[in-house]
Every structure is written in structure tokens, then in C-alpha cells.
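Readers should treat all values here as calculations from the given coordinates under stated rules, not as data from a laboratory. Computed from a predicted model, the values in this text were never measured in an experiment. Cβ placement follows ideal geometry from the backbone for every residue including glycine, while neighbour counts extend to all protein chains displayed.
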Amino acid sequence: MQSFSLAPVPEIAFGNGRLAELPGRVTGFAGKGTAVMIIADPAMTASGVALKLVGLLAEAGHAASLYDGFKGEPKYSDIDRAAAMAREIHARVVIGLGGGTALDTAKLVAACAVSGLAVEAYRFCETALPADPLPLIAVPTTAGTGAEVTRTCIFTDREGRKVWAWGTELKPMLALLDPELTVGVPAAVTAATGLDALVHAIEACTNRNRHAANDLYCHQAIMLISGALERAVTTPGDLEARGALLLGSCYAGIGIDNCGTALAHNISHAMAELAPVPHGRATGLAMLATIDWVKDGNPEAFAEVARSMGADGNVAGAFEGLVRRSRIKVDFAGDGLELERPELLAERMASAAHAPMRRNTVRDVSDADLLLLAKNVYALR
């Protein structure tokens, strides 16, 4: 029997309307009347959800400060500003409310608020994370990154590089999943983030690190997401579909926390260095362009993925069918990439920063393969 290690999973609270439980959870973590730092996606402020949460906390005796000043992916400057705010108000709990940017920012704020260090100290584990970060509650409002259960954060440093921080200290204490918070997500974002989560699950149960214990989460995620994505895109108010995506994304996050990602993420991260292509869409399309090639590295594992998608062994066809039904834009025209120069993408894919995802891919990827695969990505229509 295969040996394995399964990382601890934070408490997961799932169900409609569970946002109302947060004040009680804050009291349980930090005591009555404590200050709270909320890191919220700007869309959550615009929709009124962030201010609703501030009000709920105030009713329970907790003074909350809100940081929602970021755009795009997490940046060192936003993390440092928010951490300084948390120290100023003597915050005892951090809440992340939003998509992957809000959650990754909140995870790093919970660490930096305690240590007093700038976030760049933690890139690539250059400095040990504080052993006692502030208690962190993660409330995802998109079904995509799974950041609410992972120990990894991505952020951009002052040189514009996408860098990583990781460690069990970054894991939230509680992942609160309320499908009602995802109803307002636009169809295009629902499709992109849903495909990103699906790719997480597929890569985690087919790459070189995969093991049977983690496969349980991954295949459940694949069933949930593939069965609900089209409905969530076409019928935004379908709470059953929204809940399936949200829970599937969470399970997929557990999957990559244990076994990591592979080629599709190598490509999407490399692409992000060339143009501001939304991560979820880039990852989903990278998988579309490469899955038929990668599957030859472990045909049985990919056949099992196809079965979890309700298909008959043709994993590439099943994945493409779902991508097409999601109505996502299936090409990169207009995204700022030099599509006539796939060698630029191949060069980025070969960089040391993306080497772990390349090595983790179940099929060996030569330098010549990188160019072939980059051409496949840019040829999508």
C-alpha cells in the first residue's frame, strides 16, 4: 500500500446564511469586544456584504476595520498597508472576505501583523513565519482558488515578480462557505474560477505526488464542479449549483495543498508574466490545450478523472465539452500576448520559478515539448 501524508484540514463550515455566524466565531477565537481586521474584495464593499459584516460584528461588540484597496492579484504594498492597519487597531482576528486575492492577502496580514515584518521577508520562505499569527477566518465569495484551506500564498513583490510564501502558519482556522455570497458573481467569472478549481482537482489527482487519500477530495471535487458549472453559469441564482461549486473548490484546494499542481498552472503562471490574463481563464484554457498530451503519462489516472466527470474514458473530450458549455472565451486574442511568438511563453515556462510545476507533471516535459505546448495554447479557438 502506498505511503502518504495528509496535511491538516481547517474547520469547514458550509451552508446558506452562515455569514451570520461570524461574530460568534470571532468571540470564540479572541474573546468579547476584540478588534477585527477585515480584508475584503472591493466587490464585497460595492455589494454591501462587507458593510453588513461590519454591522454584524458591531452588534456583537466587535469593532471592525476594513481594507479593500487592492486591485488584481495580491501586492506587497497592499499586504503591508493592511498589516499596519491591523497593528494600529490592535486586531485580534483577521477575516478574509472575497476571492483568492482577498484570502491570500488576509493570510499574509495575519502573519505580518504579529511579526511586524514587511511581507517580502516571507517570499520563498526566506524568513520563518511567526508561529502564532492572528486567528484567521476565510470566507470565499468565488468558487475557484481554494485558498481558504491552503498553506500557500502568492503575491507580487516590489520588482513586479510573482512570488510565493508557504507554511502551515498561513492556514485559516476556519473556512466559512456560504453559497449565498457567490450568487452575484458574473457568469464569465463563475466559468473561469470554476474551471480553475476543476484543474486544481484534476492536477492534484494525476501528478507525480498524487496518492489515494488525497484522491478522495479530488474526485469528489471533480464530480461536484463538473456537475454544477454549466448550471451556475446559466442560472446564477441556483443555490444548489453555487453550493456544489463552492464546496468542490474547497475540496480541490485541499487537493493542491497536499499534492500540488502541474503543467496547466506552469503555463498560466508563465503567461501572467507576459500579459494580465485572468488566472482562472488562463489555467482552464492551458488544461484544454494540454490535457490530451499530459494524459499519456498516466492513462488510468486520467480515465478515472473522466469517470468522475460522468464520461466514458475520453478525458480530453469531457473536459473540452465542459469548457465549451461554460461559455468562456476560448482564445487569447486581445489579451496582450504576442500570439505569433509562442517561444516567449515557452521561455517563461522553462524558468526556475515554474520548475516545480513542470517537474510535478506526470509526463516528462522536455524543452522541445514546452514550445510545442505553448503553440497548442496559442492555437486555441
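Measuring max minus min along each principal axis, the C-alpha atoms of the range 11-181 give extents of 41, 30, 27 Å (largest first). Other residues lying with their Cβ under 14 Å from the Cβ of Ala197 contribute a combined charge of -2, Lys and Arg counting +1, Asp and Glu -1. Taking a Cβ cut-off of under 12 Å around Ala110, the surrounding Lys, Arg, Asp and Glu residues balance to a net charge of +1, with basic ones at +1 and acidic ones at -1. Short-range pairs are left out: with C-alpha atoms under 8 Å and at least six residues apart, the relative contact order of the range 11-181 is 27 percent.
Taking the chain as a whole, the Cys residues whose C-beta sits 4.7 Å or farther from every other Cys C-beta are Cys112, Cys125, Cys153, Cys250, Cys259.
Comparing Cα centroids, the range 271-319 and the range 172-190 end up 24 angstrom apart.
Using the Cα atoms of the range 187-378 to build a convex hull, what is its mean projected area in square nanometres?
Details: hull surface 37.9 nm².
Reported value for the Cα convex hull: 9.5 nm².
Net length available on complete extension from Leu216 to Val183 is 9.1 nm, with 0.36 nm assigned per residue and the Cα-Cα distance removed. 3J(HN,Hα) along the range 47-56: 7, x, 5, 4, 5, 4, 5, 4, x, 4 Hz, from the Karplus curve 6.51 cos²θ - 1.76 cosθ + 1.60 with θ = phi - 60°, whole Hz, x for Gly and Pro. Output the pairs from Lys107/Lys295; Lys71/Lys329; Lys162/Lys295; Lys329/Lys375; Lys32/Lys75; Lys75/Lys295 with a Cα-Cα distance over 24 Å in this structure; if there are none, say none. Going by Cα-Cα distance, Lys107/Lys295; Lys162/Lys295; Lys32/Lys75; Lys75/Lys295 fall outside the 24 Å limit.
Each residue, Asp367 and Glu240, gets one label point 7 Å from its Cα in the Cβ direction; the gap between the two is 5.4 nm. The C-alpha atoms of the range 215-287 occupy a region whose extents along the principal axes are 37, 28, 14 Å, arranged from largest to smallest. Can you tell me the relative contact order of the chain? Whole percent, Cα pairs under 8 Å, sequence separation 6 or more. Relative contact order of the chain: 15 percent.
Could you please report the charge total around Pro278, scoring K, R as +1 and D, E as -1 over all other residues with beta-carbon less than 12 angstrom from its beta-carbon? So the environment of Pro278 carries a net charge of -1. Between Ala63 and Asp292, the modelled labels are 6.2 nm apart [label points 7 Å from Cα along Cα→Cβ].
With N the number of residues in the range 110-221, Rg(Cα) / (2.2 N^0.38 Å) evaluates to 1.20. Sorted on the mean count of surrounding Cβ atoms within 10 Å across their residues, most packed first, peptides 129-139, 231-241 read 129-139, 231-241. Length gained on full extension, Glu21 to Arg87, computed as 0.36 nm times the residue gap minus the Cα-Cα distance: 21.3 nm.
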